[in-house]
Amino acid sequence: MAFLQPCKAQLSGVAVESTFNWYWLVDGLQAGGFNVHLANPGAIKKYEGLKHSGDESDARYLAHLLRLNILPTGTILAPQHRALRDLARKRMQLVRSRTAHILAIENITARQRGARLLSNQVKGLSAERIEQMGLHEDVAFALKANLAVIDTLSEQIGLLEKRLQEKVGQRPEYKLLTSVPGIGQVLATTILLETGPIERFAAAGQFASYARCVNSVHTSNGKKKGAGNTRNGNKYLAWAFVEAAYFAMRYCAQAKRFYERKKAKTNTAVAIKALAHKLARACFHILKERKPFDVTRCFA
């Protein structure tokens with residue numbers, strides 16, 4: 001602030017490169033009255049023949065792009081929205097950790113008894129039930145350690161889900177998303193929080209691309225010349241729509257038929273991704289038009 005304040009009146013804006021820890025810097029600059037632009041490093045291409053590059057030259061290059069009004073930027077979501085979105089990501093982290101401990105119990109029992117427990121059976125285990133398995137005391141001790149962590153994680157996951165439901169469950173957009181076959185409470189929360197304001201996407205194709213639901217390939221004269229950045233986009237939205245596609249096949253006949261047609265022409269992975277793409281485009285129009293899911297329009 002002390003460095004920028006003397007020339008604040010002359011600044012058209014401040015470009016900040018989007019790194020993993022940009023929250024504090026952007027929030028502080030905005031609170032100080034500066035016009036902040038969050039530069040997207042994935043979309044900035046520098047001349048590869050440069051003999052030298054460093055922090056100062058990179059900062060000067062960002063300023064040059066900003067001055068020319070060609071700086072690729074990302075959306076700066078409100079701090080309260082980011083906090084709630086990160087809470088949903090924390091839930092996913094805890095779920096993955098719990099899954100690792102469930103698999104550990106399944107593997108241990110498979111080694112010791114020759115039969116693997118199902119995940120639902122693991123969740124129903126107790127210390128007394130482990131004692132009744134007749135395992136070596138050290139093996140039982142290890143299982144109890146995993147079980148204690150699972151119970152703790154399950155309790156915290158329940159608290160996070162309750163908090164998220166209180167914050168998001170009453171939003172009209174949330175109720176619209178749950179009208180899509182395959183999208184329940186968890187997926188609707190993830191999609192809503194990871195999307196942010198739908199107005200930042202100009203078209204359904206841009207939203208589907210952000211959700212990693214479009215093909216990434218370079219072609220010339222009908223021949224493949226390479227692949228693009230397949231990881232460009234939001235990995236949480238990508239996960240949510242693939243999960244929604246699997247559930248939609250179970251509960252929606254039209255989705256099942258669409259998947260089967262695609263699978264007959266390609267393969268399972270491509271068919272699932274195509275169905276996820278369909279659902280992503282449908283969710284864009286749902287959020288944009290504030291209308292519930294229309295299965296006929298989606299799978300016409």
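The values are calculated or read from the model by the stated rules, or taken from the named source; none is laboratory data. The structure displayed is predicted, hence computed values, not measured ones. As a convention, Cβ positions derive from the backbone with ideal geometry for all residues, glycine included, and neighbour counts pool all protein chains shown.
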Is the range 44-51 home to any residue that is under 30 Å from Glu199 (Cα atoms), free of Cβ contacts under 8 Å to residues at least 40 places away in the same chain and among the basic types (Lys, Arg)? yes
Evaluate the range 55-63: report whether one residue or more is farther than 27 Å from Ala188 by Cα and in contact with a Pro (Cβ under 9 Å, 6 or more places away or on another chain). no
Where residues in the range 101-130 are under 12 Å from Asn146 (Cα atoms) and of a type in the set (Gly, Ala, Ser), which of them is surrounded by the most Cβ atoms within 10 Å (Cβ to Cβ)? Ala104
In this structure, does Thr219 turn out to be surrounded by 12 or more Cβ atoms within 10 Å (Cβ to Cβ), outside the structural domain of Ala88 (by TED's automatic domain parsing), of a type outside the set (Phe, Trp, Tyr) and modelled with pLDDT under 95? no
